[in-house]
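Everything below concerns the one structure shown next.
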Amino acid sequence: MSEIELKFLLDEAGTRKLKSRLKTLEIADGTPRTRLLRTIYYDTPEQDLRRSGIAVRMRRDGRRWVQTVKIKARHHVGLAESAEFDSPAPGGQLHLGAIPDESVRDRILGLIGDKILEPVCETAMRRSSSHLRLRDGAEAELAIDSGEIKAADRAEPFREAEIELVSGGIGTLFDLTQSLFPTGGLRFSMMSKAARGYLL
C-alpha cells in the first residue's frame, strides 16, 4: 500500500494550537481517537535493512500486534511517499514469511540471509487521530504523536503531526496544511522515527 503524507515537528504549545484549530475548522469526522502505540524496529547487527532503505517494525496498538515493512520514503518539499505492507503478528513475534508482497518478502529474506534480526530502537507514543472530510470531497487522516524514542540507554522526547492523504489530489495536503497552520512557522519532519532511533 502506498502512503502519501506531510509531517511536521511540534512542541507542546504547537500541539495545543493545532488541536484548537482543528475544533474551529469543524472538519473532523467525530471526536479524535486517542490510543497508546508501542513500536519496535528491527535490523541485522550490520544494519542491512537500514542501508537498503527498509524498515521492519512490530507495533502494539491496544491489544493487537501488527508487523509492518516500510520501503524508504521519497521526500519533496516535506511530502513523503512510501510503500507500506502490514500483516497480523499474534504474540508480537516477527514472521517475515507473512509479508503479503512476494517481491518485498523475497528482497528482505535475501538481505537478511542467515543473520538474526534484533531490536534496534523503539517508540512509545500517545496518538490522537482524526478523520478529516473536506469541502471538495477529499479525505485525510491527521495524527498527532507525543512520546519518546528510545535506543539502548538513551531516550529523546518527540512530538509530530502527520497528515496522510486518504482520497483526493496531493494538493489537498498542502491546502489542508494552510488551513491547520494559518500563521505558518512550520518545521517539516524530514526524518522518520526509525531514522531518529538509529541516530540514538
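Side notes on the structure shown:
- For segment 89-106, 3J(HN,Hα) per residue [Karplus equation, 6.51 cos²θ - 1.76 cosθ + 1.60, θ = phi - 60°, Hz, x = Gly/Pro]: 9, x, x, x, 9, 5, 9, 5, x, 8, 4, x, 8, 4, 5, 5, 4, 5
- On the beta carbon distance between Glu26 and Glu156, with R0 = 30 Å, the FRET formula returns roughly 0.30.
- Solvent-accessible ranking of Thr44, Thr31, largest area first, probe 1.4 Å: Thr31, Thr44
- Options (1) -0.56, -0.66; (2) -0.38, -0.46; (3) -0.44, -0.53 - which one matches log10 I(q)/I(0) by the Debye sum over Cα atoms at q = 0.10, 0.11 Å⁻¹ as calculated here: (3)
- Cut-off 20 Å (backbone N to label point 7 Å along Cα→Cβ of His95), residues of segment 50-66: 56-66
- Positive dipole terminus of the chain, leading residue within Gly113, Thr39, Ala89 (C-beta point charges): Thr39
- In this view, the solvent-accessible surface of Arg107, computed with a 1.4 Å probe and all protein chains in place, comes to about 110 Å².
- Once backbone amide H atoms are built at 1.01 Å from N, Ser189 has Lys7, Phe8, Leu9 as its partners under 5 Å, excluding neighbours fewer than 5 places away on the same chain.
- Table column - 3J(HN,Hα) (Hz), segment 190-197, Karplus curve with 6.51, -1.76, 1.60, x for Gly and Pro: 8, 10, 5, 4, 4, 4, 5, x
- FRET efficiency estimate (nearest 0.05) - Cβ-Cβ, Asp114 to Arg35, R0 30 angstrom: 0.20
- For Ser146 and Val104, the difference between the fully extended length at 0.36 nm per residue and the C-alpha to C-alpha distance is 12.0 nm.
- Nearest-0.05 FRET efficiency for Ser52 and Arg135, computed from C-beta distance (R0 30 Å): 0.10
- ³J(HN,Hα), Karplus 6.51/-1.76/1.60, whole Hz, each residue of segment 154-163, x for Gly, Pro: 10, 8, 9, x, 8, 9, 7, 10, 10, 10
- For Phe181, residues with placed amide H under 5 Å, excluding near neighbours: none
- Per-residue SASA entry for Glu102, accessible area with 1.4 Å probe, Å² rounded to 10: 120
- Between amide H atoms placed 1.01 Å from N, distances below 5 Å from Asp43 occur with Glu118, Val120, all of them 5 or more places distant or on a separate chain.
The values are calculated or read from the model by the stated rules, or taken from the named source; none is laboratory data. Predicted model, so just to flag it, every value in this text is computed and none were measured. No Cβ is skipped: glycine too gets one built from the backbone with ideal geometry, and neighbour counts run over all protein chains shown. All accessible areas refer to the heavy atoms of the entire protein, side chains included, with ligands and DNA or RNA removed. Shrake-Rupley method; radii C 1.70, N 1.55, O 1.52, S 1.80 Å.
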